[in-house]
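The structure under discussion appears below in the form of structure tokens.
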Amino acid sequence: MIKRVETEIPGMDEILHGGIPERNVVLLSGGPGTGKTIFSQQFLWNGLQMGEPGIYVALEEHPVQVRQNMAQFGWDVKSYEERGMFAMVDAFTAGIGKSKEYEKYIVHDLTDIREFIDVLRQAIKDINAKRVVVDSVTTLYINKPSLARSIILQLKRVLAGTGCTSIFVSQISVGERGFGGPGVEHGVDGIIRLDLDEIDGELKRSLIVWKMRGTSHSMRRHPFEITKKGITVYANKILKRGGVVEI
């Protein structure tokens, strides 16, 4: 039996036929406004509720802003940080400003992937992390796409080797068909794509599990909503061109 990590995101584990296989690295791909960051933060928060320590790697936002955004959903991670169950890796500020006073794990040179991995590995070791989110992994190779696969595989080796189940947030442009680059999509164990489409004059959110190593999963496109409590996926519905249909 494959050990699974339950996302506890309403409807998601049903689509994944029980959850994400342990140690998998999952690419969470989508355009702007699709809910990628919320999905990944909810995954970490739900893990904390089950006693599973987690790490959030902030590459796109200031760590203070990340904490504030999470708190808006009722996900206040400060007490978990104090208890050594949650860690923020600051790969955004480079230690400029007050971050060096408040943040324990800082990546000073983002062009140095070795430093990035060393800081992440130390954070994992310190809190015995089980879940890791990198938001967004695109930032690590946006200026050097030829190194994308190498960077993904280096990260995967560290994360899977330490027993972590991980989500790599991947940014794509509106209307882009891929998932963030050929080197990336082939280097991960799973791909979940979030979309925002206009249907009959209204924007609809949906997701589809493109692949997930180690488990069967729904092959359908399911609608989801972002509520005050986070994301809710409708496993009993599918999104078609004509709208949402019950199954």
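Numerical summary
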| item | result |
| --- | --- |
| Most to least accessible of 112, 118, 200 (protein chains only, probe 1.4 Å) | 200, 118, 112 |
| Protection proxy ranking, peptides 34-42, 156-164, average beta carbon neighbours within 10 Å, highest first | 34-42, 156-164 |
| Whole-number percent relative contact order across the range 131-247, with pairs defined as alpha carbons under 8 Å at least 6 apart | 17 percent |
| Long-range HN-HN contacts of residue 4 with modeled amide H, under 5 Å | 22 |
| The range 214-247: trypsin sites (Lys or Arg not before Pro) falling in loop per DSSP and having at most 14 other Cβ within 10 Å | 228, 229, 241 |
| Karplus-derived HN-Hα couplings along the range 87-104 (A = 6.51, B = -1.76, C = 1.60, θ = phi - 60°), whole Hz, x at Gly and Pro | 9, 10, 9, 8, 10, 10, 8, 6, x, 7, x, 7, 4, 5, 8, 9, 9, 7 |
| Beta bridges by DSSP in the range 1-127, antiparallel share as percent, to the nearest 5 | 20 percent |
| J(HN,Hα) series, the range 69-83, from Karplus relation 6.51 cos²θ - 1.76 cosθ + 1.60, nearest Hz, glycine and proline x | 5, 5, 5, 5, 9, x, 9, 8, 8, 4, 5, 6, 5, 5, 8 |
| Heavy-atom accessible area order for 12, 85, largest first, 1.4 Å probe | 85, 12 |
| Within the chain, helix-based [θ] at 222 nm, where runs of 4 or more DSSP H residues each add -39,500 (n - 2.57), nearest 500 | -8000 deg cm²/dmol |
| Within the chain, percent of DSSP bridges classed antiparallel, to nearest 5 | 45 percent |
| Over the chain, relative contact order from alpha-carbon pairs under 8 Å, at least 6 apart, % | 27 percent |
| C-alpha center-to-center spacing [the range 1-79, the range 84-133] in angstrom | 17 Å |
| Cα-based helix-to-principal-axis angle, 113-127 vs the chain, degrees rounded to 10 | 90 degrees |
| Computed over the range 57-143: relative contact order in percent, which uses C-alpha pairs under 8 Å that are six or more apart | 34 percent |
| In sequence order, calculated HN-Hα J values of the range 2-12 (Karplus, 6.51, -1.76, 1.60; Hz; x Gly/Pro) | 7, 6, 10, 10, 7, 6, 6, 7, x, x, 6 |
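The values are calculated or read from the model by the stated rules, or taken from the named source; none is laboratory data. Everything numeric here is computed off the predicted structure, so don't read it as measured data. Don't worry about glycine lacking a Cβ; one is built from the backbone with ideal geometry, like all the others, and counts go over all protein chains shown. When the accessible area is computed, the model is the full protein with side chains, heavy atoms only, and any ligands, DNA or RNA have been set aside. Shrake-Rupley method; radii C 1.70, N 1.55, O 1.52, S 1.80 Å.
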